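Student: Please read through the structure below; I'll follow up with questions.
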Amino acid sequence: QVQLVESGGGLVQPGGSLRLSCAASGSMFRFYDMGWYRQAPGKQRELVAGISTGGTKNYVDSVKGRFTISRDSAKNTVYLQMNSLKPEDTAVYFCNARSGSYVVWGQGTQVTVSS
């Protein structure tokens, strides 16, 4: 089994940047498709960005050009670089690992964009 631990959230002003990290335990990291989701108060959880085992990336339209997902198999870590942050990016961000029907979630990290 894999466990996920997110870090890097916090309070940032509009236009600022943050980098989220998700560290995965175990030796099977390279076999998992990884994703970052977010959930704002009163809203459904949504996929923000995903990266496959082969490195294919996808993004929700609202973050294209601002967010970048990447993975480092040597460190068992997936990152989400967030630039030009907007107040509407405020949410709890969750890391997700998926392999077939096996899905694991991290505990989440709060991102607040406010002046």
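Student: For region 12-50: of the residues being small (Gly, Ala, Ser) and under 16 Å from Gln107 (Cβ atoms), which is nearest to the chain's Cα centre (by Cα)?
Tutor: Gly35
Student: Contact list please: Cβ distance under 9 Å, first residue in region 28-40 and of a type in the set (D, E, K, R) and open to solvent by 10 Å² or more (accessible area, probe 1.4 Å), second residue assigned to a helix (DSSP H, G or I) and modelled with pLDDT of 95 or more, pairs at least six apart or on different chains.
Tutor: Short answer, once both residue conditions are applied: Arg38/Asp89.
Student: Taking only region 44-64 into account, find how many residues are free of Cβ contacts under 8 Å to residues at least 12 places away in the same chain and open to solvent by 90 Å² or more (accessible area, probe 1.4 Å).
Tutor: 4
Student: Of all residues being of a type outside the set (Gly, Ala, Ser) and out of contact with any Gly (no Cβ under 9 Å at 6 or more places or on another chain) in region 83-105, which is farthest from Thr53 (Cα to Cα)? Just the residue, please.
Tutor: Across region 83-105, the extreme among qualifying residues is Pro87.
Student: Related question: Could you please give the count of residues in region 99-113 that are open to solvent by 60 Å² or more (accessible area, probe 1.4 Å), modelled with pLDDT of 95 or more and not hydrophobic (A, V, I, L, M, F, W, C)?
Tutor: 2
The values are calculated or read from the model by the stated rules, or taken from the named source; none is laboratory data. Predicted model only: the values in this text are computed from it and were never measured. Because the Cβ atoms are built from the backbone with ideal geometry, glycine has one as well, and the counts that use them run over all protein chains shown. To get the accessible areas, we keep the full protein, side chains included, count just its heavy atoms, and leave off ligands, DNA and RNA. Shrake-Rupley method; radii C 1.70, N 1.55, O 1.52, S 1.80 Å.
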